[in-house]
1. Using the structure shown, decide if Asp58 is in a loop (DSSP other than H, G, I, E, B) and either more than 16 Å from Ile121 (Cα to Cα) or at pLDDT below 95 (or both).
2. For a quick check of your reading of the model, give me the residue pairs whose first member lies in segment 65-89 and is more than 20 Å from Thr101 (Cα to Cα) and open to solvent by less than 10 Å² (accessible area, probe 1.4 Å), whose second is modelled with pLDDT of 95 or more and of a type in the set (Val, Ile, Thr), with beta-carbon atoms closer than 9 Å and at least 6 apart or on different chains.
3. Taking segment 90-115 on its own, how many of its residues are within 17 Å of His62 (Cβ to Cβ), surrounded by 11 or more Cβ atoms within 10 Å (Cβ to Cβ) and charged (D, E, K, R)?
4. Scan segment 32-55 residue by residue and report those that are loosely packed, with under 15 Cβ neighbours inside 10 Å and closer than 20 Å to Ile121 by Cβ.
5. Determine, yes or no, whether Lys72 is farther than 19 Å from Ile25 by Cβ, charged (D, E, K, R) and at pLDDT 95 or above.
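The values are calculated or read from the model by the stated rules, or taken from the named source; none is laboratory data. Quantities reported herein were computed from a predicted structural model and do not represent experimental measurements. Cβ: placed from backbone, ideal geometry, glycine included. Neighbour counts: every protein chain shown. Surface accessibility is based on the protein's heavy atoms, side chains included, excluding ligands, DNA and RNA. Shrake-Rupley method; radii C 1.70, N 1.55, O 1.52, S 1.80 Å.
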Amino acid sequence: IMSDNTTTTTTTTKNYMIRRMALQILSTVLLTRSFYQVMIMYIGNRANLMLVMNLLRDSSPHITLDAFHVFKIFVANPHKPPEITKILKSNQRKLCTYLETLHQDREIQDVQFRDEKALVISTLQNL
């Protein structure tokens, strides 16, 4: 459906709208049950995780929110490949510290986001 090269190119472009739309489409595809095999392939790829982690640090709050929705899929995977677990463990402290401050203003009105963020942080802490 989407090659690694296409995903990398569209999510690293300087064009804000392309990056934003690419992340939104990626998130939708990865969370669609009929694309389960695509999701498994995507979240099993080290380069994809690194890309999404970098997007979490983007200057745009919209990009970081969209990146979070993709990142949580990597973290929630109960069958993470060893290389994915290793990256998450290596960055565990930094990720948890960063995520604790990510979109704190949104947590007040968006209970689902608050719960998902808490679950991601908890899962990372328990690796």
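1. Answer is yes for this residue.
2. As it stands, the answer is Ile84/Ile43, since those pairs meet every condition given.
3. Residues in segment 90-115 being within 17 Å of His62 (Cβ to Cβ), surrounded by 11 or more Cβ atoms within 10 Å (Cβ to Cβ) and charged (D, E, K, R): 3 in total.
4. Met50, Asn54
5. Here the answer is no, as Lys72 does not meet what is asked.
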